[in-house]
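The values are calculated or read from the model by the stated rules, or taken from the named source; none is laboratory data. Predicted, not measured: the structure shown is a model, and the values here were computed from it. All Cβ positions, glycine included, derive from the backbone under ideal geometry; neighbour counts span all protein chains shown. Side chains are part of the model used for accessible areas, which takes the heavy atoms of the whole protein and leaves out ligands, DNA and RNA. Shrake-Rupley method; radii C 1.70, N 1.55, O 1.52, S 1.80 Å.
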Amino acid sequence: MTPTRLPALSVAIAAALVCVWGLWLAPLSLCAAEAPEGWTTAAPRDEIRPDFAYHPQGGRDGRGSFVIEHADREGLDGYWTKTFPVEGGRHYRFEAYRRVRNVACPRRSALVRLIWQDAEGRLVDNDRGLVADHLRGNWKAKVRAEHPLDQSTDEDGWTEVSDTYRAPAGATQAVVELHLVWAPAGRIEWSEMSLEPTPPPKPRTVRLAAIHFRPRGGKTPEGNCRLYAPLIAQAAEQEADLVVLGEAINYYGLGKTPDEVAEPVPGPSTEYFSGLAKKHDLYIVTCLYERSGPLVYNAAVLLGPDGRIVGKYRKVTLPRDEAAGGVAPGSDYPVFDTRFGKVGMMICYDGFFPEVARELTNRGAEVIAWPVWGCNPLLARARAAENHVYVVSSTYEDVSRNWMLSAVFDHAGDTIALAEEWGTVAVAEVDLDRRTHWRSLGDFKAELPRHRPPAPRGDEPP
């Protein structure tokens, strides 16, 4: 029997319908067309080159998409690329949308690189806030590739990838690369890519304060809390937005056990500090032993300028004495939105372990408030530098002991505000949107999600 043949017009219509409605599931060769002018494909080596296609009706807006698909084998890497003219010194906003299928770690595999060049295609000098005290010498650092950040994902699976940059003074062009890397059997669709001039962004400044104080003589948990009132007022006079207090305020110096002073949250201590936060129109991080049923936690609480509890964090890593005394560990790393940015908290012994600060940063923390009885100050610097996060610590250690400091640490791990005398406040004003560029690394904060290894147990968050 001779097979029935569909009319050519019917075949064409069917193919068009697949292109319009089935691009995401269609094989790569189906509906492929010539890419828009200036767009080409590339790979580091031909032997790891994936497959590419351009779909004129694809994408989030149906106006075209750039597709990359990997065979089911390790190590493939390829990208769509185009070069755009730019003017050195101007600000530009990059924006694109991506949707992935069968990609285990999108933050690492589905990335954009933006490379500033001169007219000859050479990397240009970095003139944008270099860390000065490392890699000393008279050589000029070049601008490293930018890594635009992942933003929100819509209900159809499209993730915005965007950022705003000042083009280096020597730049005349910017090379954009839309990647899929290390994703066996994975597929990506890039859509709505743009690189356009934009006005300079306004700085996002915040004043961070650390109180250096031992609440001695309070006699009761309530008495300890009240000793902090004049210092919080001092911080408010210096226009602080966030004030960080010491560890276990309802326990310090009272000669009691944690379970004897533990109280609920909300409770008397948080109610008192909530009143001060509202009075002075600022955020306060206090720390206390919390009771929840039969359990006792070492908890940090973030109180807002409206007098409400923004959130709390329960200390995850417990030193031997706390654990032996029946204190329970927390199990989560919450990050909280404030009117100036995202705040995470950790407590004392947490600082000895990189996982705590790293997980807070993974979840978006821009500032980590750290009530800390004592710790190695080198670890404070490390937590700040390795995560490019501002760390605000309040300690019970004297500066003469060369142990922990009541201070503010910046993205390079430098101490930018330090309270040296008891009963004083250290305040630093920072711009949360300021980029810190290292001579060899560039903007390491933007590189972190792209280069950080995936979780070893396969529980990588999206």
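Data table
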read-out: Residue count, segment 166-190 (criterion: open to solvent by 10 Å² or more (accessible area, probe 1.4 Å) and assigned to a loop (DSSP other than H, G, I, E, B)); value: 6
read-out: Counted residues, segment 263-294 - those being within 15 Å of residue 315 (Cβ to Cβ), open to solvent by less than 20 Å² (accessible area, probe 1.4 Å) and not acidic (Asp, Glu); value: 5
read-out: Residue count for segment 381-397, restricted to those that are on the phi > 0 side of the Ramachandran plot and open to solvent by 10 Å² or more (accessible area, probe 1.4 Å); value: 0
read-out: Residue within segment 132-148 that is closer than 25 Å to residue 48 by Cα and among the basic types (Lys, Arg) present; value: yes
read-out: Complete set of residues in segment 399-422 that are farther than 21 Å from residue 134 by Cβ, open to solvent by 60 Å² or more (accessible area, probe 1.4 Å) and outside any loop (DSSP other than H, G, I, E, B); value: 400, 401
read-out: Contacts under 7 angstrom Cβ, first residue in segment 43-60 being outside any loop (DSSP other than H, G, I, E, B), partner among the charged types (D, E, K, R) and at pLDDT 95 or above, 6 or more apart; value: 48/77; 51/69
read-out: Hey, residue 270 within 22 Å of residue 242 (Cβ to Cβ), hydroxyl-bearing (Ser, Thr, Tyr) and assigned to a strand (DSSP E or B) or not; value: no
read-out: Those residues of segment 431-440 which are assigned to a strand (DSSP E or B) and either in contact with an Asp or Glu (Cβ under 7 Å, 6 or more places away or on another chain) or more than 18 Å from residue 364 (Cα to Cα) (or both), in sequence order; value: 437, 438
read-out: Extreme residue, farthest from residue 206 (Cα to Cα), among residues of segment 345-380 that are crowded, with 19+ Cβ neighbours inside 10 Å and small (Gly, Ala, Ser); value: 351
read-out: Residue check for residue 153: touching a Ser or Thr at 6+ places or on another chain (Cβ under 6 Å), open to solvent by 60 Å² or more (accessible area, probe 1.4 Å) and polar (S, T, N, Q); value: yes
read-out: Condition met for residue 414 (touching a strand residue (DSSP E or B) at 6+ places or on another chain (Cβ under 6 Å) and more than 27 Å from residue 318 (Cβ to Cβ)); value: no
